[in-house]
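Before any comments, here is the structure.
Please treat every number below as a calculation from the coordinates, not as lab data. Everything quoted here is computed from the prediction, not taken from an experiment. Ideal geometry is used to build each Cβ from the backbone, glycine not excepted, and the neighbour counts take in all protein chains shown.
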Amino acid sequence: MFSLLQQTAPVVVNESEAVIHAETAQAAAHGADAAHVATAADAAHGASSAGMPQLDISTFGNQIVWLLLVLAAIYWVLSRVALPRIGGIISDRQGAITGDLMAAEEFKQKAKDAEAAYDKALADARAEANKIIAANKAEMHKELDAAIAHADAEIAARSAESEKRIGEIRATAVEDARAVARDVTESLVQNFGGSVDQNLINDAVDQRLKGALQ
């Protein structure tokens with residue numbers, strides 16, 4: 001706007017001076033009195049030209065008219081050219097800012113969705129891992145119980161077999177001891193010159209072995 005005023009100001013001053021010169025020429029055509037007035041006006045104009053022409057009272061009307069015309073032209077240029085462009089630039093900038101904000105909000109929402117999906121996947125993975133661990137523990141406990149049961153069965157079988165063998169060994173030992181005791185008793189009776197009663201010897205040995213085994 002300031003540059004436009006600088007460009008239009010010299011034009012206004014030149015046109016104002018042309019108007020003043022035309023009015024002075026018209027005044028000179030009116031006779032001696034008019035010539036005197038024109039001379040005075042020229043003198044005043046020369047004085048004002050030597051100083052500041054815009055302060056010449058006789059040109060205030062033209063200056064006001066041209067000022068209004070210049071202001072109207074400036075307003076027209078601003079309203080038809082400058083202001084629409086400025087408004088368009090502001091609108092485009094506002095649209096770009098709004099688009100950037102919407103894109104940022106969309107990215108933020110996507111980030112939240114991705115974080116929620118990651119948390120869900122992590123929770124599902126943990127749940128699946130815990131399920132697998134629990135299943136493996138159950139399987140391991142089952143296999144361990146089966147192994148313990150098998151070991152107990154083998155131990156029981158071996159214990160029963162050992163008890164059977166021990167019983168057999170004990171029975172054989174008792175029979176052997178009984179036979180040896182009978183033979184020894186019979187020999188002692190014969191050595192002492194007594195008569196051998198096999199039934200009495202058997203009963204005595206059996207009673208003695210029962211007392212010893214108890």
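Observations on the structure shown:
- Ignoring lysines fewer than eight residues from K120 along the same chain, the ones with Cα atoms less than 28 angstrom from its Cα are K108, K110, K112, K131, K137.
- In a fully extended conformation the segment linking H141 and E106 would gain 7.4 nm over its present Cα-Cα distance, using 0.36 nm per residue.
- Estimated FRET transfer efficiency (A204, E163; beta-carbon r; R0 30 Å; 0.05): 0.50
- The ranking of F192, F107 from fewest to most other beta carbons within 10 Å of each one's beta carbon is F192, F107.
- Note on V81/A116: beta-carbon distance plugged into 1/(1 + (r/R0)^6) with R0 of 45 Å gives a FRET efficiency of 0.30.
- Taking other Cβ atoms within 10 Å as a rough exposure proxy, S79, S58 sort from fewest to most as S79, S58.
- Backbone HN-Hα couplings from phi across the stretch 175-186 [Karplus 6.51/-1.76/1.60, Hz, Gly and Pro as x]: 4, 5, 5, 4, 5, 5, 5, 4, 5, 5, 5, 5
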